[in-house]
Amino acid sequence: MPLYAWESEELLRLYTTLNQVELLTSSREDHLKWLACPSGKFSVSSLYNLLMPKNYMMVPKLLWNNMAPPKVQFLSWLTWKGRLKTAGFLNRIGVLNQNTFVNCVFCGQAVETVNHVLLWCPAVWKVWACLMNWWGVLWVIPDNVNGLLQWWRGYKWRKFENIIWKAIPMAVMWSLWNTRNDVVFNGKMFQLNELCELIKVRIALWVKSQSKEPPYSVQDIIINLQ
Ligand SMILES: [Zn+2]
């Protein structure tokens, strides 16, 4: 039975589509393909990448791609992984004596955890606020270090500003942890203004020493940033 004109067109379209399909051949074995990996083969790392939120995967780029010295980057990475040896952590794994003071050395009000001693502590919050004020940014303190770093990674500035911006969380976390150690082991006092200045100088020196053509002096970066 002859086809109508519109049916002929449909038939032609069907043939065209079928011709584009890879034909099954008896010589080639059918197999499963893992689409999350370009090679088509399954790997644990590709599954891990697939399951983790994209923002989480961006954090290591911030941690390792900045002007901070390697030892500072490493401490930041430990912090992000929750592996900082805080009193709360050591107490939990049974390393400390029962009577050891495990509260935060800055405020004494809560058990010393990574998120408390680097973010939530009222004394520490003032340090972050000082840095935000220096930068002219308004913010709400994130829930945890991972949230902080994800938020930080999301902010985009011009090239030179971005170099300084990416060094700030590393410098703050490094300086806070060293100050905490000074208080615990050397009996020093926590001085807010002194610490804020030290963090700014630290950042400016890192940027000056590693950036190829820093257009500003250390003094400019600290005082005339905006
Ligand atoms: Zn505290």
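A few points about this structure:
- Which listed residue is of a type outside the set (Ser, Thr, Tyr), under 19 Å from Leu62 (Cα atoms) and in contact with a Cys (Cβ under 9 Å, 6 or more places away or on another chain), from Ile199, Ile168: Ile199
- Residues located in segment 37-76, provided they are among the polar types (S, T, N, Q), within 24 Å of Val201 (Cα to Cα) and assigned to a loop (DSSP other than H, G, I, E, B): Asn65, Asn66
- Residues (part of a helix (DSSP H, G or I) and aliphatic (A, V, I, L, M)) located in segment 77-97: Leu78, Ala87, Leu90
- Restricting segment 117-154 to residues that are closer than 17 Å to Trp165 by Cβ and among the polar types (S, T, N, Q) leaves a set whose member that is farthest from the ligand (Cβ to nearest atom) is Gln150.
- Whenever a residue of segment 1-22 is free of Cβ contacts under 8 Å to residues at least 40 places away in the same chain, its partners that are surrounded by 10 or more Cβ atoms within 10 Å (Cβ to Cβ) and part of a helix (DSSP H, G or I), lying with C-beta atoms within less than 7 angstrom and at least six residues away or across chains, give the pairs Leu3/Leu11.
- Looking only at segment 76-111, residues that are away from the ligand (no atom under 15 Å from the Cβ) and surrounded by fewer than 18 Cβ atoms within 10 Å (Cβ to Cβ) come to 17 in all.
- Unmet criterion (only one of (1) over 19 Å from Pro122 (Cβ atoms); (2) of a type in the set (A, V, I, L, M); (3) under 19 Å from the mean Cα position of the chain (by Cα)) for Val172: (1)
- Among residues of segment 206-215, those that are part of a helix (DSSP H, G or I) and more than 22 Å from the chain's Cα centre (by Cα), counted: 2
- Filter pass, Val114 being within 15 Å of the ligand (Cβ to nearest atom), surrounded by 14 or more Cβ atoms within 10 Å (Cβ to Cβ), at pLDDT 90 or above and within 16 Å of Asn178 (Cα to Cα): yes
- Residues located in segment 117-134, provided they are exposed (fewer than 13 other Cβ atoms within 10 Å of the Cβ) and either free of Cβ contacts under 8 Å to residues at least 12 places away in the same chain or in contact with a strand residue (DSSP E or B) (Cβ under 7 Å, 6 or more places away or on another chain) (or both): Asn133
- Of the criteria (1) buried (at least 21 other Cβ atoms within 10 Å of the Cβ); (2) within 16 Å of the ligand (Cβ to nearest atom); (3) among the aliphatic types (A, V, I, L, M), which one Met170 fails: (2)
- Single residue of segment 165-217 satisfying the filter (in contact with a Lys or Arg (Cβ under 6 Å, 6 or more places away or on another chain) and in contact (Cβ under 8 Å) with a residue 12 or more places away in the chain) that is nearest to Val137 (Cα to Cα): Ala171
The values are calculated or read from the model by the stated rules, or taken from the named source; none is laboratory data. Just so we're clear, the structure is a prediction, and the values are computed from it rather than from any experiment. No Cβ is skipped: glycine too gets one built from the backbone with ideal geometry, and neighbour counts run over all protein chains shown.
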